[in-house]
Amino acid sequence: MTDKRLQNILDKLDEAYGTEKKMYLEYNTPWQLLFATILSAQCTDARVNIVTRDLYKKYDSLEKFAAASVEEMEKDIHSIGFYHSKAKNLIACARKLLSDFNGEVPSELESLLSLPGVGRKTANVIRGNIFDMPSIVVDTHVKRITKKLGLTESDDPVKIEFELMEILPKDHWILWNTDLITLGRTICIARREKCDICFLREDCPSAKV
């Protein structure tokens, strides 16, 4: 991997998608983004947004989430995958935010990881988008496309995160996730890549052209 090839990739992503941070999940408050991100595991952002539009009207405060029953929460989010565990995590997370963090979403990684349902991916989404802290989010698109671009040989999201931290400039850490989500949904689609129209094909060792 040469610095020049990486810079070419970043320049082309900037040209195609801009350099403004994007967020596909809908939210108004930090805890709403936190809960939406928890719900987004193994689920599309579009489906999460459909569910949270009603969910955040019914439960418009952490206190209401904390007081909810698991059974009712399951009914409210049943169209989302793994809704049994996610319902429990949302309620437990709301309670912990209230009891341990005065109802505020923390910025420290260790504190975020202490919350039910929160892993490194979710924590980095919050740190990057709420607190503007340089963070790399490794989801399925980032994992797949980063490997196709020859920037990693690993399948371990945590290892990929730290490898990307070594080579990407910090101002592109959070952009890398949203750019590759866009690329993965429109061009580098899993199992049906459109390499012939991909603007990164000249810099991608996996391009089928």
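The values are calculated or read from the model by the stated rules, or taken from the named source; none is laboratory data. Predicted model, so just to flag it, every value in this text is computed and none were measured. Note that we place each Cβ from the backbone using ideal geometry, even for glycine, and neighbour counts take in every protein chain shown. The protein model used for the area step is the full one, side chains on, heavy atoms only, and it has no ligands, DNA or RNA in it. Shrake-Rupley method; radii C 1.70, N 1.55, O 1.52, S 1.80 Å.
Residues Glu161, Glu166, ordered by accessible area of protein heavy atoms at a 1.4 angstrom probe radius and largest first, appear as Glu166, Glu161. Using only the alpha-carbon atoms, how far is helix 120-129 inclined from the longest principal axis of the chain? Give it as 0 to 90 degrees, nearest 10. Roughly 90 degrees between the two axes. Against the chain, whose longest principal axis comes from its Cα atoms, helix 157-167 is set at around 50 degrees.
Distance from the C-alpha centroid of the range 158-197 to that of the range 1-48: 9 Å, rounded to the whole angstrom. What percent do you get for the relative contact order of the range 68-175 when only Cα pairs under 8 Å and 6+ apart count? Reported as a whole number, the value is 17 percent. How many percent of the accessible area of the range 136-203 is carbon or sulfur, using a 1.4 Å probe? For the range 136-203, the apolar C and S fraction of the accessible surface comes to 51 percent. Computed with a 1.4 Å probe over protein heavy atoms only, the accessible surface of the range 30-131 comes to 46 Å² per residue. Which one of Glu104, Glu63, Glu15 has the biggest mean-square fluctuation once the chain is modelled by GNM with Cα springs under 10 Å? Maximum among the listed residues: Glu15.
Computed over the chain, the percent of Cα pairs more than 24 Å apart is 44. The Cβ shell under 13 Å around Thr140 holds other residues with a net charge of +4, Lys and Arg each +1, Asp and Glu each -1.
Solvent-accessible area of Asp100, all protein chains in place: 80 Å² (probe radius 1.4 Å, heavy atoms, ligands and nucleic acids excluded).
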